[in-house]
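Contents: one structure, followed by commentary.
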Amino acid sequence: VQLQASGGGLVQAGGSLRLSCAASGRTFGIYVKGWFRQAPGKEREFVAVIDWSGGSAYYADSVKGRFTISRDNAKNTAYLQMNSLKPEDTAVYYCAADTKPADTNTAVLSYDFWGQGTLVTVSS
C-alpha cells in the first residue's frame, strides 16, 4: 500500500489549502482516515481523523473550526481543507491509514500506513 499526499505549498496567513491523500496498490481493507503534522524540532501531532462512513470526525483543538476533513470512499482518498491558515500551521503534513474502518484514533502509533508528507508553509 502506498499513500500519496499532495496539495501542500506556500500560502500567506489567512489563506487556504486543500490536501489530498490517495491510497494505491493493495488497498482492500485499508482505510485512509487521519492527518498529522510535524513542525521542525517537534514531534508528529494529530490534526484530524474521520471514520470510514464519514459520520464521525475529530480535530485537534488548534485547528477546530478552521480545518475540515472529508473522504471519498470510491477513491479511497481523504482530504483536508485548511482555511484561515496561521504561521503556526507550518509543518509537514502526513496522511495515515489503518485497517479498522470505525476507529478514529488520534495516536500516531495507531496507524499502520503513512504517506510521504507534504510541506505546508504559512507566511506572516
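The values are calculated or read from the model by the stated rules, or taken from the named source; none is laboratory data. As the structure is a computational prediction, the values presented were derived from the model and not from experiment. Quick reminder, even Gly has a Cβ in these numbers, built from the backbone with ideal geometry, and neighbours come from all protein chains shown. For accessibility, only protein heavy atoms count, side chains too; no ligands or nucleic acids. Shrake-Rupley method; radii C 1.70, N 1.55, O 1.52, S 1.80 Å.
Pulled fully out, how much extra length does the chain show between residue 68 and residue 112, if you take 0.36 nm times their separation in residues and subtract their Cα-Cα distance?
Residue separation times 0.36 nm, minus the Cα-Cα distance, leaves 13.6 nm.
Which one, 105, 81, 31, projects farthest toward the positive side of the charge dipole computed for the chain from Cβ point charges (K/R +1, D/E -1)?
Final value for the positive-end residue is 81.
Using a 1.4 Å probe on the protein heavy atoms, what percent of the accessible area of segment 1-77 belongs to carbon and sulfur?
Roughly 47 percent, rounded to a whole number.
State which stretch of the chain is the longest one without any exposed trypsin sites (Lys or Arg not before Pro), exposure meaning a DSSP loop state and at most 11 other Cβ atoms within 10 Å.
65-124
Output wanted: per-residue J couplings in Hz (rounded whole) for segment 97-102, from phi through Karplus 6.51 cos²θ - 1.76 cosθ + 1.60, θ = phi - 60°, x for Gly and Pro.
Along segment 97-102, the couplings run 9, 9, 10, 10, x, 8 Hz.
Within segment 1-97, report the GluC sites (Glu not before Pro) that DSSP leaves as loop and that have at most 15 other Cβ atoms within 10 Å. Working shown, then result.
Values: sites: 43, 45, 88; in loops: 43.
Here the sparse-neighbourhood loop sites are 43.
Could you pull the accessible area for residue 24 with a 1.4 Å probe, rounded to 10 Å²?
That residue has around 60 Å² of solvent-accessible surface.
To the nearest 0.05, how large is the calculated FRET efficiency for residue 103 and residue 124 if R₀ is 35 Å and r is the Cβ-Cβ distance?
For R0 = 35 Å, the calculated efficiency reads 0.45.
Looking at the chain, send over the antiparallel percent of its DSSP beta bridges, to the nearest 5.
Counting DSSP beta bridges with both partners in the chain, the antiparallel share is about 90 percent.
Among 64/86; 42/100; 33/86, which pairs are too far apart, with a Cα-Cα distance over 19 Å?
As for pairs spanning more than 19 Å Cα to Cα, those are 42/100; 33/86.
Residue by residue through segment 28-43, what is 3J(HN,Hα) from phi via Karplus (6.51 cos²θ - 1.76 cosθ + 1.60, θ = phi - 60°)? Round to whole Hz and write x for glycine and proline.
Once rounded to whole Hz, the list reads 4, x, 10, 10, 7, 8, x, 10, 10, 8, 9, 8, x, x, 10, 7.
For segment 1-16 and segment 70-124, what is the separation of their Cα centres, given in Å?
So the separation of the two Cα centres works out to 10 Å.
Using the beta-carbon distance between residue 45 and residue 83 and R0 = 22 Å, what value does 1/(1 + (r/R0)^6) give for FRET efficiency, to the nearest 0.05?
Computed FRET efficiency for residue 45 and residue 83 comes out at 0.70.
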